[in-house]
Structures are given as C-alpha cells and as structure tokens.
1. Scan Glu212, Glu224 and give me the residue that is part of a helix (DSSP H, G or I), open to solvent by 40 Å² or more (accessible area, probe 1.4 Å), modelled with pLDDT of 90 or more and more than 18 Å from Val162 (Cα to Cα).
2. Need the failing condition index for Ser73 against (1) of a type outside the set (Asp, Glu); (2) surrounded by 23 or more Cβ atoms within 10 Å (Cβ to Cβ); (3) assigned to a helix (DSSP H, G or I), just the number.
3. Could we say that Ala109 is in a helix (DSSP H, G or I), open to solvent by less than 20 Å² (accessible area, probe 1.4 Å) and touching a residue at least 60 places away in the same chain (Cβ under 8 Å) here?
4. Looking at (1) among the polar types (S, T, N, Q); (2) modelled with pLDDT of 95 or more; (3) open to solvent by 60 Å² or more (accessible area, probe 1.4 Å), can you tell me which one Thr63 breaks?
5. Before we move on, is Leu118 under 14 Å from Ile194 (Cα atoms) and surrounded by fewer than 24 Cβ atoms within 10 Å (Cβ to Cβ)?
6. Which of the residues belonging to the stretch 65-88 are within 28 Å of Gly189 (Cα to Cα) and over 14 Å from the mean Cα position of the chain (by Cα)?
7. I'm told Ser53 meets every condition in (1) within 30 Å of Pro15 (Cα to Cα); (2) open to solvent by less than 20 Å² (accessible area, probe 1.4 Å); (3) over 13 Å from the mean Cα position of the chain (by Cα) except one. Can you identify the failing condition by its number?
8. For residues in the stretch 134-148 being open to solvent by 20 Å² or more (accessible area, probe 1.4 Å) and closer than 20 Å to Ile55 by Cβ, which is modelled with the lowest pLDDT?
Amino acid sequence: MSGTTSTQPGAPGAPCPVCRGTGFVREEANGRSAARPCPCRLAERARLRLAQSGIPARYEHCTWEEFQALNASLREALRLARQTVDQFPGGDRGLLLCGPCGAGKTHLAVAALRQMVLERGAKGLFAEFTRLLRSIQDGFDRRSETPSFAVLQPAIDADVLVLDDLGCQRATPWAMETLGLIINERYNGQRLTIITTNRVFDPPPGEESLAERIGERLASRLAEMCLTVRVDSGDFRRNVKAAQFRI
C-alpha cells in the first residue's frame with residue numbers, strides 16, 4: 001500500500017472516514033476478503049488527471065453550471081456538448097465550435113473536457129493552437145527538418161484533445177503539415193477532438209473562411225471528425241464588462 005494518506009474529497013488534510021487514510025477498503029465476497037481502492041483514492045486520481053490536462057487558470061471555473069445559455073444558439077451548443085460527453089467513450093466524433101470571440105466556445109470545450117476527465121476517466125489535454133505550435137517548434141528536429149514525434153505525442157495520444165483558437169491566424173505550410181500530422185493520427189486512432197475557432201466554413205463577404213486559414217484538406221478532415229456547432233451570443237465578455245462599468 002502507498003505510504004501517503006488519503007483524504008476525503010472536499011476536506012483537504014482530513015483523513016477519509018471510509019478508508020481512514022489508507023486509500024483502500026476491504027470487502028468480503030464469497031467468504032474471502034479483498035482490498036479495493038477507496039472512492040477517495042479514485043477521486044484523487046481524477047483530480048490529478050485534471051491538473052495534468054493543461055487547463056489554464058483563466059478557465060478553471062468553466063463548468064456546465066457556470067455556462068450562461070442566454071439564447072437558443074447557446075442552449076443548443078450546450079445540449080450538443082453534453083451529448084458528446086454522455087456518448088464518451090463510445091463515440092469518437094468531436095465538436096467544432098465556431099463563433100465570434102467571447103461567445104463561450106472555450107467555456108463549453110473546457111466544461112466538456114472536465115467532465116470526461118473527472119467522470120469518465122479520460123486522459124485529457126487542453127492546447128491553445130499557437131502555443132502548441134510554439135512548443136512543437138521548440139522541439140523541432142533540425143536534422144530531419146520535421147517536428148519531433150515525441151513533442152507531438154501528448155496531443156496525439158490524449159483521449160480528449162481541446163484545440164483552442166484554431167485559425168486565429170493564417171497557418172504557414174509548416175503549421176498546416178504539423179496540424180495535419182496530429183489530426184490524422186487522432187482520426188486513425190478514433191480519439192475525440194474538440195476545436196474552437198472564430199472562423200466558419202461559409203463566412204460573410206470580406207471574411208476568411210476556416211479553410212482559407214488552415215487549408216482545404218484539413219478543414220474537410222475536421223468537418224468529418226467533428227460535429228460543427230455554431231455558437232453565437234454576441235461578445236459575452238465585452239457585454240459583461242460594459243455592464244460592470246455602468247454599475
């Protein structure tokens with residue numbers, strides 16, 4: 001048994017009253033005694049998985065309960081995000097959350113990731129697109145002029161990957177190739193991917209589409225891998241700040 005002391009969820013430092021800090025409980029079955037992990041130990045493992053998922057502190061509060069579904073678009077987006085979680089791990093089709101800045105796309109993506117990590121035992125990863133590319137570039141193999149596969153591995157292997165703010169800028173050929181490696185490996189491995197973007201497939205005149213930002217081939221693959229969900233609430237963050245200023 002581990003030498004660490006398990007604590008009751010929600011009461012940091014207090015020994016769990018069920019296992020008394022051992023992390024295991026004994027149960028009798030067919031006249032035999034066996035040890036099994038205490039629920040507090042399982043909860044602690046879930047919290048550790050969540051801490052390792054890379055969710056920024058700015059988004060740690062993002063849950064279903066905190067999401068404000070103020071209109072029909074947001075209510076439908078929330079319903080589809082919940083449905084995706086409910087189907088996990090049986091379904092491998094993710095979400096492509098499209099909409100303007102501040103609409104709540106990242107909130108929904110993080111809330112879904114949290115649920116799958118905490119309730120479904122998923123190994124999750126949150127990655128902001130430009131930061132992910134920067135970390136991959138830092139591990140670039142100059143000899144072969146390709147991204148180091150070891151650097152790509154966490155994004156490829158995660159049971160659930162949230163790729164935030166895709167298409168925020170026009171991708172270079174290198175970025176498109178790197179993204180293609182990640183997306184294709186996840187597609188072949190039937191791993192669930194959730195993407196947020198402020199680009200859409202059919203933008204109004206004068207605006208670039210998602211395909212123009214990341215390439216037609218990648219956009220087509222994402223449309224196949226993910227359910228496209230339009231999220232539109234106006235700029236929620238700006239409206240909240242304006243209301244606070246008026247107060």
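1. Answer to the check: Glu212.
2. Evaluating Ser73 over (1) of a type outside the set (Asp, Glu); (2) surrounded by 23 or more Cβ atoms within 10 Å (Cβ to Cβ); (3) assigned to a helix (DSSP H, G or I) leaves (2) as the failure.
3. In short, yes.
4. (3)
5. Working: under 14 Å from Ile194 (Cα atoms): no; surrounded by fewer than 24 Cβ atoms within 10 Å (Cβ to Cβ): yes.
Criteria not met by Leu118.
6. If the condition is that a residue be within 28 Å of Gly189 (Cα to Cα) and over 14 Å from the mean Cα position of the chain (by Cα), then Ala77, Leu78, Arg79, Leu80, Gln83, Asp86, Gln87 are the ones that fit.
7. All conditions pass for Ser53, except number (3).
8. Of everything passing the filter in the stretch 134-148, Ser135 is modelled with the lowest pLDDT.
The values are calculated or read from the model by the stated rules, or taken from the named source; none is laboratory data. Note that this is a predicted model, so its numbers are computed, not measured. In this analysis, Cβ positions are derived from the backbone assuming ideal geometry, glycine residues included, and neighbour counts consider all displayed protein chains. Ligands, DNA and RNA are stripped out before the accessible areas are found, and what is left, the full protein with its side chains, is counted by its heavy atoms. Shrake-Rupley method; radii C 1.70, N 1.55, O 1.52, S 1.80 Å.
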